[in-house]
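As C-alpha cells, the structure follows; a few thoughts come after it.
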Amino acid sequence: MTELNLALNPNTTGRYGEYGGQYIPETLMNELDNMAKAYEHFKNDPTFKTELHDLLVDYANRPSLLYYAKRMTEDLGGAQIYLKREDLNHTGAHKINNVIGQALLAKHMGKTRLIAETGAGQHGVATATIAAYFGMECEVFMGKEDTDRQKLNVYRMELLGAKVHPVTSGSMVLKDAINAALQDWTTRVDDTFYLMGSATGPHPYPLMVRDFQSIISQESKAQLQDQTGQLPDMVVACVGGGSNAIGSFANYIDDPSVQLVGAEAAGKGVDTNLTAATVERGSDGIFHGMKSMFLQNETGQINPVYSISAGLDYPGVGPEHAHLAATGRAQYVGVTDDEAVAAFEYIAKTEGIVAAIESCHAVAYVQKIAPTMRKDQIIVCTLSGRGDKDVASIAKYKGVAIDE
Amino acid sequence: MNSQLKPVFTNQKAFIPFVTANDPNFDTTVQNIVALAEGGADIVELGVPFSDPVADGPVIQAADLRALKDDPDLPMDRVFDMVVEARKQTAVPIAFLTYVNIVFQYGYDAFCQRCAELDIRGLVIPDLPFEERDELAPIAERYNVDIIPLITPTSGDRIAKIAGAATGFIYVVSSLGVTGERSQFNNDLTGLIAQIRAVTDVPAAIGFGIHTPEQAAEMANIADGAIVGSACVNIVAEYGTQAPAKLRDYTRQMKAAVSGVAKNPAV
Ligand SMILES: Cc1ncc(COP(=O)(O)O)c(C=O)c1O
C-alpha cells in the first residue's frame, strides 16, 4: 500500500470559499493554532508519515477492499457497482482512519488525554480504541438519547477503558455532545486533545479529518484503476458531518467527469421537520466553530434534527461540503428512514453484507440511480461501517420482537 | 471610532451585571434591565438566548433554555423590543452578549443599525475571535457599536493584537472554562491585566465566576470593572417574575463593593 498523501489540495487558511473559519471561544484559539501548526509540521514529517502508514496497515487492516457487487449490479441492471468496504476496518467503520491520524498527532504534541463526542458511538469506540492502543486517558461525551439507543457501544467504550459521559443538556444528541466536549476542552487545554469525529468544526479539523479520511479515495482510485482501468462515473457516500463522504470524494474532486453524491438523512422526509437533510433544507450559518450550512430557524437557533441513524442526525455539515454544494461540484440527496431500512435489508439479502444504517443511506441512492445509468458506467459507493450495531433497532423499526 | 462605552469607566470602577433576555419572559426582562440600572449598573449586559451556548456554563445554559422553552422561535426583533420598552425608563448603556449566528442571520448591517438606534453600544460575541472579527467589526464601527473582545488566561501572545484592536472595553475571562460561579480565580490576573495595559488604554473588566461583593471588590481592584453573569441569572432563576427587586438590591451591594464603599467590609 502506498503512503497516504496528506498534501492533497493543501489548505492552510481553513476557508473553503466563504465557508470554514475558526468561530470558537478565545480560550481555545491558541490551542487550535498549536494544533494547526503541529499538523502542518507533522504531515510533512517522514517519521509521522511512516508511523501513520504502519498503523493504517497493521492496526486498522488497510487497504480496505474495493468489492465488485455483482449480484446488486445484475439485480439493478444498470451501472457497475463497486463497494468501498470501510466496514471491514478494525472497529467496523471509517472512523478509525481519522482517530489514528489525530491520536498520533496528539501523541506527537505531547498530549496524554483524548476527549471526543460521539453520535452512534462509532467515533467514541474508535477513539477509545486508539486511546487504549496508545495508553492515553479517554473521555467520551455522548447525548443521553444516544447512550440509550446505543447501549452496546457505551459498554464497548467502557470495556476499552474510556469514561462515557451521558450529556443531558439540549436535545441530548450529537450536537449537545459536541457542546459538552468543547466545554470540557476549554477547562483543560494543557494535556487534552479534542479528537473531532467528523470533517466539521473550526480549522484545522475539517482539513485534518479530510486528509486522514482521504485514504478511502486514494485507495479506491488505485483499486478501480487496477480492476477496470477506469475512473468511476459516480462516487456515493452518506453524509452526517461529512467525514467518510469527503474522504471518499477527496481524490476525485479534480476529476470533473466523476460525479460526487452525498446521501443525507431525510428522516421522515425532507419536507418534514423530522429530518437531518442539512444541505437540502438548511441555510448558511455559523456554529460549532465553522461557517457552513445548518438546519436552523429564522433567528439562527439550531433546530433539533431527526434520523433513524444516530450517526447522521447532526444539524450541520462540514464546510468543504457546503462549498462543494454551493459550487455544484457535489450533489446532496435526501434518503428517508424507510428507504434506508429497505436498503439495509436489500444489501443484506443480495450481497450478504450487514451494513451500517448510515451507509445504507448511500446504498438506497445507488438502488435508485444505478438502473438509470448505462452498463458501462461505474459507481463507487462507500460502505462507511458495518451494521451489527443496528440490527436490534432495525428489528424494532420493523416491529419484530427479539429476546436479547 | 467614537466609543460610547469607554467613557463609562472614566474615574470609576464599573459594575456590569448580566441577564438573559426573555428569561423568564418579555416583561420581566424589561423590568430587570430597569432594576439593574436603578441599582447602579454602569453597563447592562443583555444575553440574547441561543439554542447552543457553547461558551456558557450550566447556569446561563439553563437560562437560555428557559428563555426559549415556550418561545423556540423567539425573533430577534422581540429582543430588540425589550430594549425599546426599557429605553422608555432608562438610558443605561447596554451591551448584548450573543452568539455570532444570531447576528449573522439578522444581517450584520441591519443588526448593528438596530443596535445603534436603541443605544446598544457593545456586542460581546464569544464565538467571534479576533481572526474572524473583520467580517463584522468594520460594519459595527460605522454604527459606533463596540465589538468587545475576550481575553483569557490562555491568550498568551495573542493579547497584544486583541487588545490593540479593542474598542469600548475588554472582557477579561477570570479563569479557564465556561461561565459559572467560582471560588478560585486564575492566580495571575494581575499579570494578565498588566499585559493588556501595556498595549492599550481601553478599560478591562473581569468576568466569569464572580458572585460575592468581596470577589467583585477584588476584581475591581485589579481591573477597571467587574462583570457578573451567573450570579444574576441565579437570582432570576430563583425569583422569576419577582427578580427585578432582588436584582436591584444585589446590584446596589455589588456596585458599592466595586466602588470600594461596601458597608460591611469582611468582618
Ligand atoms: C458507520 C457510520 N457512517 C457514517 C457516519 C457519519 O459520519 P460522517 O458523515 O462524518 O462520515 C457515522 C457516524 O457516526 C457512522 O458511524
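May I ask which of B:K13/B:K255; A:K84/A:K107; A:K70/A:K349 have a Cα-Cα span longer than 19 Å here?
Among B:K13/B:K255; A:K84/A:K107; A:K70/A:K349, the Cα-Cα distance tops 19 Å for A:K84/A:K107.
Run the paramagnetic zone check for A:N9: 7 angstrom along Cα to Cβ, then residues of segment A:188-223 with backbone nitrogen under 14 Å.
Counting only backbone N, you get A:199-200, A:206-218.
Taking Cα pairs under 8 Å and at least six residues apart, what relative contact order does chain B come out at, in percent?
About 26 percent, as a whole number.
Count charges around B:C115 for me, please; just the other residues with Cβ under 13 Å from its Cβ, Lys/Arg as +1, Asp/Glu as -1.
Computed value for this residue: -2.
Enumerate the aspartates and glutamates that B:K88 could reach by cross-link, defined here as Cα to Cα under 18 Å, with residues fewer than 8 away along the same chain left out.
Candidates past the 8-residue exclusion: B:D27, B:E38, B:D42, B:E45, B:D77, B:E117, B:D119.
Could the peptides A:345-356, B:64-75 be put in order, highest first, of the mean number of other beta-carbon atoms found within 10 Å of their residues?
Descending packing order for the listed peptides: A:345-356, B:64-75.
What shape does chain B have by the C-alpha gyration tensor, where a ≥ b ≥ c are the square roots of the eigenvalues, rounded means a/c under 1.5, and otherwise prolate means a/b greater than b/c and oblate the rest?
rounded
Determine how many Å³ per residue the convex hull of the Cα atoms of segment A:111-154 encloses.
In segment A:111-154, the Cα convex hull volume per residue is 54 Å³.
Only helical DSSP H runs with n ≥ 4 go in: add -39500 (n - 2.57) per run for chain A, normalise by residue count and round the 222 nm mean residue ellipticity to 500 deg cm²/dmol.
Result for chain A, helices only: -12000 deg cm²/dmol.
Report, as an integer, the average count of C-beta atoms from other chains found within 10 Å of each Cβ along B:51-63.
Shielding by partners across B:51-63 averages 5.
Could the peptides A:6-15, A:244-253, A:69-78, A:29-38 be put in order, highest first, of the mean number of other beta-carbon atoms found within 10 Å of their residues?
For the peptides A:6-15, A:244-253, A:69-78, A:29-38, the packing ranking is A:244-253, A:29-38, A:69-78, A:6-15.
What relative contact order, as a whole-number percentage, does segment A:276-404 give when Cα pairs under 8 Å and 6 or more residues apart are counted?
The normalised contact order for segment A:276-404 reaches 17 percent.
What residues qualify as long-range amide H neighbours of A:H165, i.e. H under 5 Å apart, gap of 5 or more or another chain, H built at 1.01 Å from N?
For A:H165, the qualifying residues are A:V140, A:F141, A:M142.
Where Lys and Arg each count +1 and Asp and Glu each count -1, what net charge lies around B:P72 among other residues with Cβ under 13 Å from its Cβ?
Charge balance in the 13 Å sphere: -3.
Give the lysines reachable from A:K151 as a straight Cα distance under 22 Å; neighbours fewer than 8 places away on the same chain don't count.
Of all the lysines, those that pass the test against A:K151 - Cα under 22 Å, at least 8 places apart if same chain - are A:K95, A:K163, A:K175, A:K389, A:K396, A:K398.
Under 1.5 on a/c is rounded, so check that first for segment A:143-232, then, if it is not, pick prolate when a/b is larger than b/c and oblate when it is not; a ≥ b ≥ c are the square roots of the alpha carbon gyration tensor eigenvalues.
Here segment A:143-232 falls in the prolate category.
What is the projected area of the convex hull of the Cα atoms of segment A:112-190, averaged over all directions, in nm²?
Mean shadow area of the hull around the Cα atoms is 4.4 nm².
Given R₀ = 51 Å, FRET efficiency for A:K375-B:D70 by Cβ-Cβ distance, to 0.05?
Efficiency at R0 = 51 Å is approximately 0.30.
Send over the Kirkwood Rh of the protein assembly as shown, from the inverse of the averaged 1/r over different Cα pairs, rounded to one decimal Å.
25.9 Å
Taking a ≥ b ≥ c as the square roots of the eigenvalues of the Cα gyration tensor of segment A:32-98, is the shape rounded (a/c under 1.5), prolate (a/b larger than b/c) or oblate?
Taking the square roots of the gyration eigenvalues as a ≥ b ≥ c, segment A:32-98 is prolate.
Only the coordinates and a few stated rules stand behind these numbers; no lab work does. Everything quoted here is computed from the prediction, not taken from an experiment. No Cβ is skipped: glycine too gets one built from the backbone with ideal geometry, and neighbour counts run over all protein chains shown.
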